[in-house]
Amino acid sequence: MGLFGGPDAEKVLAKGTAAGAVLEGILVKYTHDDNNRKPIYHFRVGVAGAGVLGIRQHISGSEAVRLGMPLVVRQLGDAAVIDWPASVAPFGVHAAHTLDRWKMMKEPPSAGIVDEEESMHSAAKKGSPASLVVSSIGERSVMFGMGSAIDFDVVVQLPGDEAYAVQLKKVEVPFYAGHLAVVGAQLPCWVNDRRQDKVTIDWPSAAMHNPGVGVSAAALRPEPVVHQPMATPPISDVRGQVDNADAGELIGGISLDTLAAIEVGLIKERVAPADYDAYAQRHGVASGTWAATSAAWQTKLRSDWRIGAKYGELFEAKQKGR
């Protein structure tokens, strides 16, 4: 039986009517058994003609989940199930239904991403906000070859300080942010106030800033991460190169500064993904082109770490109202 004696997930899936929807929010909770700790997914789903619903549902192939992505749901009365195979089929991703944890929620999660992963919350309490640029990614064997770990080489920038290099070992990339684990990515992070080599990536903020909707089907499939070196200058030269980065280029008719203003505004004003294009038009983006413009700028940011770092400075300044 479902919530309040309603239908169970199998019945909703079998007899429900298909409807288009948008993934507006992700809440990740975790089981309390430390020996078998698993994420539990809660989704805020905006359904065409039916308002906003809260659905707890396990997703098989969760690496394809993206905030703001289109979904197909099956509705039966007040109940709804995310038809995950139908939702990811347009991306060329094959998936199956996993309904054992399904439940309708009394209140949907808030818009955006909330991840209750303990290490990120601890880092936020004990550290200072900063940004980093990923300069290389490497995969290595652990547990006598039975497993693997991912390491990031990054350049960290604390506001007002000189940039410095550090290696992040055993990086765990959340399912909703897999598209951001690339060389050249500029990501928000926290730096421990007592140890500057202890850096934790703020994945929820990173994915809200760059949700990854429309990423190619190949990128949505999990691939082994291989070492991808990117030549970076000596750390003593980093600050000057960022300051001198050519950020005056226009893509889609907007500058890097305007891009940062739009992205910050989308977050501050809690703009629904369906309204991104209309909001961007207020800043000079042509109607119907925001998705393509944003994607083109993200490609530029990843291709030149200096531009990525400059963007991080602009984004942070606009967040603080400077």
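Among residues that are on the phi < 0 side of the Ramachandran plot, touching a helix residue (DSSP H, G or I) at 6+ places or on another chain (Cβ under 9 Å) and not assigned by TED's automatic domain parsing to the domain that holds A260, K198 is included. Is it the case that A165 is touching a helix residue (DSSP H, G or I) at 6+ places or on another chain (Cβ under 9 Å), more than 26 Å from E263 (Cα to Cα) and outside any strand (DSSP E or B)? No; evaluated as a whole, the condition is false for this residue.
Checking the condition loosely packed, with under 12 Cβ neighbours inside 10 Å, among the β-branched types (V, I, T) and either modelled with pLDDT of 80 or more or farther than 22 Å from W190 by Cα (or both), which residue from V285, V264, V226, V271 passes?
Every option except V226 fails the conditions.
Among the conditions (1) within 14 Å of I59 (Cα to Cα); (2) assigned to a helix (DSSP H, G or I); (3) not aliphatic (A, V, I, L, M), the only one that H94 does not satisfy is (2). Taken as a whole, the condition of being modelled with pLDDT of 90 or more and under 27 Å from A296 (Cα atoms) applies to V154.
When you look at V81, is it outside any loop (DSSP other than H, G, I, E, B), within 20 Å of the chain's Cα centre (by Cα) and of a type in the set (A, V, I, L, M, F, W, C), yes or no? Judged against the criteria, V81 is not a match. Scan region 34-47 and tell me whether some residue there is touching a residue at least 40 places away in the same chain (Cβ under 8 Å), of a type in the set (A, V, I, L, M, F, W, C), surrounded by fewer than 19 Cβ atoms within 10 Å (Cβ to Cβ) and not in a loop (DSSP other than H, G, I, E, B). Looking for residues that are touching a residue at least 40 places away in the same chain (Cβ under 8 Å), of a type in the set (A, V, I, L, M, F, W, C), surrounded by fewer than 19 Cβ atoms within 10 Å (Cβ to Cβ) and not in a loop (DSSP other than H, G, I, E, B), one finds at least one in region 34-47, hence yes.
A single member of S110, S128, S119 is in a loop (DSSP other than H, G, I, E, B), surrounded by fewer than 18 Cβ atoms within 10 Å (Cβ to Cβ), touching a residue at least 40 places away in the same chain (Cβ under 8 Å) and within 21 Å of the chain's Cα centre (by Cα), and it is S110.
Within region 30-78, being touching a Pro at 6+ places or on another chain (Cβ under 7 Å) and of a type in the set (D, E, K, R) holds for R44, E63, R66. If you check G160, G68 for being on the phi > 0 side of the Ramachandran plot, outside any helix (DSSP H, G or I) and surrounded by fewer than 17 Cβ atoms within 10 Å (Cβ to Cβ), only one passes: G160.
Across region 11-26, the qualifying residues are those that are hydrophobic (A, V, I, L, M, F, W, C) and touching a Gly at 6+ places or on another chain (Cβ under 9 Å), and the one among them that is surrounded by the fewest Cβ atoms within 10 Å (Cβ to Cβ) is A19.
Within region 255-297, being in contact with a helix residue (DSSP H, G or I) (Cβ under 8 Å, 6 or more places away or on another chain), acidic (D, E) and without any contact (Cβ under 8 Å) to a residue 40 or more places away in the chain holds for E269, D277. Taken over region 48-60, residues that are at pLDDT 90 or above, surrounded by fewer than 18 Cβ atoms within 10 Å (Cβ to Cβ) and in a strand (DSSP E or B) amount to 2. Taking the criterion of being polar (S, T, N, Q) and at pLDDT below 85, the residues of region 239-261 that qualify are Q241, N244. For region 75-91, indicate whether the set of residues that are touching a helix residue (DSSP H, G or I) at 6+ places or on another chain (Cβ under 7 Å), surrounded by fewer than 20 Cβ atoms within 10 Å (Cβ to Cβ), at pLDDT 85 or above and assigned by TED's automatic domain parsing to the domain that holds V12 is non-empty. Within region 75-91 (the criterion being touching a helix residue (DSSP H, G or I) at 6+ places or on another chain (Cβ under 7 Å), surrounded by fewer than 20 Cβ atoms within 10 Å (Cβ to Cβ), at pLDDT 85 or above and assigned by TED's automatic domain parsing to the domain that holds V12), the answer is yes, since at least one residue qualifies. What is the one condition in (1) acidic (D, E); (2) surrounded by fewer than 18 Cβ atoms within 10 Å (Cβ to Cβ); (3) within 20 Å of the chain's Cα centre (by Cα) that E63 does not satisfy? Against the list (1) acidic (D, E); (2) surrounded by fewer than 18 Cβ atoms within 10 Å (Cβ to Cβ); (3) within 20 Å of the chain's Cα centre (by Cα), E63 comes up short only on (2).
The values are calculated or read from the model by the stated rules, or taken from the named source; none is laboratory data. Note that the coordinates shown come from a computational prediction; the quantities given were computed from them, not determined experimentally. We place every Cβ from the backbone using ideal geometry, glycine too, and count neighbours over all the protein chains shown.
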